[in-house]
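Okay, so here's the structure we're looking at.
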Amino acid sequence: MTDREIKSLPMVALRGMTVMPEMVTHFDVSRERSIEAIEEAMQEEGQKIFLTAQRDIEVEEPTAEDLYQVGTIAAIRQVIKLPRNLLRVLISGEERAVIQNVEFETPYMRALVSPLPDSGEEALEAAADQVSQEAMVRGLREIYAEYAARLPKYPKDMLKQVQEYTDLTKVVNWVAANVPLEQRDLQELLEETDLMKRYQLLAFKLVNEMQIMNIKEEIQTKVRERVDQNQREYILREQLKLIREELGEENTISDAEEFQAAADRLQAPDEVKEKLQKEINRFKSTLNSPAENGVIRTYIETMLEMPWDKAAEDHRDIAYAKQVLEEDHYGLEQVKERVLEFLAVRALTRKGESPILCLVGPPGTGKTSIARSLARALKKPYVRISLGGVRDEAEIRGHRKTYVGAMPGRIAAGIRSAGVKNPLMLLDEIDKVSNDYKGDTFSALLEVLDSEQNYRFRDHYLEVPLDLSEVLFVTTANTLQTIPRPLLDRMEVIEVSSYTENEKLHIAMEHLIPKQIGRHGLKEDQLTISRGAVWKIARNYTKEAGVRQLEREIGNICRKAAREILEEKKKKVRVTEGNLHKYLGKEKYTYQKANLTDEVGIVRGLAWTSVGGDTLQIEVNVMPGKGELILTGQLGDVMKESARTGISYIRSVGSTYGIEEDFFEEHDLHIHIPEGAVPKDGPSAGITMATAMLSAVTGRKVRADVAMTGEITLRGRVLPIGGLKEKLLAAGSAGMKTVLVPKENEKDVEELSPEITKGLEIIPVSRMEQVLEEAFVKE
């Protein structure tokens, strides 16, 4: 095989490096394919390898298209294995070559290459005499020597070595290989096959480099002069500082220096740092304007206190979180499950979007306190923001700092007080937000509670984006009616329903009584309240969905017990069902029990209220008249329409039940729902009123132990209703045995605990005929 024949060689792609002929250098190899190529070359005869440069150094796994076609055939002189699977390879460049074809790219790259001869070498030898070549060699040596003299750390023995070469080709290749040029310049020299052009290109680049060095020296001279000027300014500034100290103005200067030092230490995005640096420069330039200086000072202090890139460590211990949630709250299973699911996702993915939860339910059901427990379970800082009565958009977004007394919005202030960018933030009473001419507060909350937008929330005061994407938002509300739909759509709604009496008993025994005993300075062995007493307090002294009033009544007992212990020298006070009236007085609430006898025109309905469920006894009387329908008991419009729908249905099926055709023209119907001072509304009493009216008209008795709820249509269909849990609790408390519910509410019944449905026969109905069949006494 001659030198000009095509050769098959292992190939290594170099990043940011071009190897020239006559160059002796080393490089490190880390890529698997390159290591394989080196090892293959070491096993072949001559230990030759083809080295070419990548066009783009960012490409991790280059292909043939990513490489320069012209490279260098080199001999491997030494291979050293380094830690972390690195090889350090020492090579010497021999001749330039061009890629003819890449044979394969895995497990290493191998290519067919053909050496590139110098195309102008023969012409140069033919055209120029020996004297001309010698002149060119000497000229290049002088340029190289002048260039090397300008590099203080350049090895002197290199100048001696170049003097030993007399061949023009050898000198050009050697100088090109030993001059620290840019990689693109070396590649250009490598690809130039014409010796004369390569000689001229190399000489030009060396002269150009020397000109750059001259300009650099001139610049450095000017810089030194500037430094001398800065030294002079430093001395003047020190004198000025002394004058300011004499005038009592040194504090402002030291504040600026403290701000600058704090800004340098601050972990924040570049955008924040640029804004902060700009304001610090303004602060320094406004020392003579106290008003403007004070505004800028407040802004800088606020920016420095914000936790831009400071985050609390994520806590992923699900067992601990579950333990904390169970210790602090009884029930609320849906909320606990959602938080534990969030933790599980975080533990698996090490990330995951923070949920935005909305807890909806009656007052006193533990919505606010569960948020505090969530923060403790997740080991996150807890921030509570009360939105009740907030009506100004600036409360959320902040005031622009040009206004007097401007400050950040509540969201940014909450993040600042938490000290980290990923706290648990409770937005309490979000349904109580109001609007006025100053802006729409709900619309301002849209960006805050949107996980797709809040990573760049812009507070008007801060004027830079604030990342809220890692904040765990929890909102609370008593009703969803006042929350706009777009805002509601951004939150995950979890309903916190009323507590059952059994749940209230557990909460009182496990949480409320120990808490109130400790709060009133008593010891656990000084006061005991029996389970029967707690049960009676929940039933007869409170009427609520939550446990706030229950806690107040327990506190009332603790105060009276404390007085007895001090005045009567009692060692222990025991409160039972029998002596409860001594501490709390007579019973405040009584439940209207089921009637003892079956009656005509009286039916027990079920209602939902903000403090839980209740039963309504609907009474209907028939009187001679002109066909009027009289409605009393402070009924709302929807309830009145339900009564009219019911009478229309009864008239349409009157013949089935033996009602004379002119009956409704000669008689008036009077529907009354007792407790006339209490407003009542809603469609769920439709079937109850229809049953009562038909009973009064036909004279048939209705079972006293039956309660019912459901909306009625003109054709006698029974439609679903809401608040079923509270209604069934009320039915159980009133001693009802059978409850008629719409068939479409069967799925809601299945989700209820056995404690609620215990002792009740729940019958699903879809038609009014079924209701009447179950409600009327069998004759």
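The values are calculated or read from the model by the stated rules, or taken from the named source; none is laboratory data. These figures come from a predicted structure and were not determined experimentally. Because the Cβ atoms are built from the backbone with ideal geometry, glycine has one as well, and the counts that use them run over all protein chains shown. Just the protein is used for accessible areas: all its heavy atoms, side chains included, with ligands, DNA and RNA removed. Shrake-Rupley method; radii C 1.70, N 1.55, O 1.52, S 1.80 Å.
Worth pointing out:
- Residues (part of a loop (DSSP other than H, G, I, E, B) and within 57 Å of the chain's Cα centre (by Cα)) located in segment 72-119: PRO83, ARG84, ASN85, GLU105, THR106, PRO107, TYR108
- Residue among SER434, SER451, SER469, SER443 that alone is among the small types (Gly, Ala, Ser), in contact (Cβ under 8 Å) with a residue 24 or more places away in the chain and in a helix (DSSP H, G or I): SER443
- Only one of LEU236, LEU206, LEU190, LEU202 that is in contact with a strand residue (DSSP E or B) (Cβ under 9 Å, 6 or more places away or on another chain) and part of a helix (DSSP H, G or I): LEU190
- Check on LEU51, touching a strand residue (DSSP E or B) at 6+ places or on another chain (Cβ under 7 Å), among the aliphatic types (A, V, I, L, M) and within 26 Å of ASP167 (Cβ to Cβ): yes
- Only one of LYS205, LYS160 that is of a type in the set (Lys, Arg) and surrounded by 13 or more Cβ atoms within 10 Å (Cβ to Cβ): LYS205
- Qualifying residue in segment 58-71 (condition: surrounded by 21 or more Cβ atoms within 10 Å (Cβ to Cβ), in a strand (DSSP E or B) and on the phi < 0 side of the Ramachandran plot): yes
- Those residues of segment 649-681 which are surrounded by 14 or more Cβ atoms within 10 Å (Cβ to Cβ), in contact with a Gly (Cβ under 7 Å, 6 or more places away or on another chain) and of a type outside the set (A, V, I, L, M, F, W, C), in sequence order: TYR649, HIS667, ASP668, HIS672, LYS680, ASP681
- Test: GLU22 is touching a residue at least 24 places away in the same chain (Cβ under 8 Å), surrounded by 16 or more Cβ atoms within 10 Å (Cβ to Cβ), under 30 Å from TYR165 (Cα atoms) and in contact with a Gly (Cβ under 8 Å, 6 or more places away or on another chain): yes
- Just one of the numbered conditions (1) over 15 Å from TYR330 (Cβ atoms); (2) open to solvent by 50 Å² or more (accessible area, probe 1.4 Å) is not true of THR528: (2).
- The residue of segment 346-363 that is farthest from LYS432 (Cα to Cα), among those that are open to solvent by 10 Å² or more (accessible area, probe 1.4 Å) and modelled with pLDDT of 80 or more, is ILE356.
- Of all residues in segment 659-699, those being in a loop (DSSP other than H, G, I, E, B) and either on the phi > 0 side of the Ramachandran plot or among the hydroxyl-bearing types (Ser, Thr, Tyr) (or both) number 4.
- ALA13 closer than 30 Å to ASP167 by Cβ, part of a strand (DSSP E or B) and small (Gly, Ala, Ser): no
- Put simply, of GLU463, GLU447 the only residue that is within 25 Å of ASP270 (Cα to Cα) and open to solvent by 50 Å² or more (accessible area, probe 1.4 Å) is GLU463.
- Residue within segment 99-120 that is open to solvent by 30 Å² or more (accessible area, probe 1.4 Å) and modelled with pLDDT under 75 present: yes
- Neighbours by Cβ (under 7 Å, 6+ apart or cross-chain): first from segment 664-683, farther than 18 Å from ARG604 by Cβ; second surrounded by 13 or more Cβ atoms within 10 Å (Cβ to Cβ) and of a type in the set (D, E, K, R): PHE664/ARG651
- Cβ-Cβ under 7 Å pairs, at least 6 apart or on other chains, segment 636-648 side open to solvent by 30 Å² or more (accessible area, probe 1.4 Å), far side of a type in the set (Gly, Ala, Ser) and in a helix (DSSP H, G or I): THR645/GLY686
- Just one of the listed residues (LYS536, LYS523) is out of contact with any strand residue (DSSP E or B) (no Cβ under 6 Å at 6 or more places or on another chain), in a helix (DSSP H, G or I), at pLDDT 85 or above and open to solvent by 40 Å² or more (accessible area, probe 1.4 Å), and it is LYS536.
- For the criterion of being touching a Gly at 6+ places or on another chain (Cβ under 8 Å) and either more than 19 Å from THR645 (Cβ to Cβ) or at pLDDT 90 or above (or both), MET736 fails.
- Checking each residue in segment 725-752 for being open to solvent by less than 40 Å² (accessible area, probe 1.4 Å), of a type outside the set (S, T, N, Q), without any contact (Cβ under 8 Å) to a residue 60 or more places away in the chain and under 22 Å from GLU769 (Cβ atoms) picks out LEU740, VAL741, PRO742, VAL749.
- Residues that are in contact with a helix residue (DSSP H, G or I) (Cβ under 7 Å, 6 or more places away or on another chain), part of a helix (DSSP H, G or I) and either open to solvent by less than 10 Å² (accessible area, probe 1.4 Å) or of a type in the set (S, T, N, Q) (or both) within segment 396-428 comprise ILE396, ILE411, listed in sequence order.
- Segment 496-520 residues that are touching a residue at least 60 places away in the same chain (Cβ under 8 Å) and in a helix (DSSP H, G or I), paired with ones that are open to solvent by 10 Å² or more (accessible area, probe 1.4 Å) and of a type in the set (Val, Ile, Thr) (beta carbon under 6 Å, 6 or more apart): ILE507/VAL547
- Positions within segment 473-500 being of a type in the set (A, V, I, L, M), closer than 29 Å to LYS401 by Cβ and surrounded by 22 or more Cβ atoms within 10 Å (Cβ to Cβ), in sequence order: none
- Exactly one residue among LYS588, LYS593 is open to solvent by 40 Å² or more (accessible area, probe 1.4 Å), closer than 26 Å to LEU729 by Cα, in contact with a Lys or Arg (Cβ under 9 Å, 6 or more places away or on another chain) and of a type outside the set (A, V, I, L, M), and that residue is LYS588.
- With respect to the conditions (1) over 30 Å from GLU503 (Cβ atoms); (2) in contact with a Ser or Thr (Cβ under 9 Å, 6 or more places away or on another chain), ALA685 lacks only one, and its number is (1).
- When segment 313-341 is filtered for residues that are within 14 Å of the chain's Cα centre (by Cα) and either open to solvent by 30 Å² or more (accessible area, probe 1.4 Å) or touching a residue at least 40 places away in the same chain (Cβ under 8 Å) (or both), only ASP314 remains.
- Which numbered condition GLY732 fails, given (1) part of a strand (DSSP E or B); (2) under 15 Å from THR500 (Cα atoms): (1)
- Whichever residue in segment 551-572 is open to solvent by less than 20 Å² (accessible area, probe 1.4 Å) and in contact with a Phe, Trp or Tyr (Cβ under 9 Å, 6 or more places away or on another chain) and, among such residues, is nearest to LYS536 (Cα to Cα): GLU553
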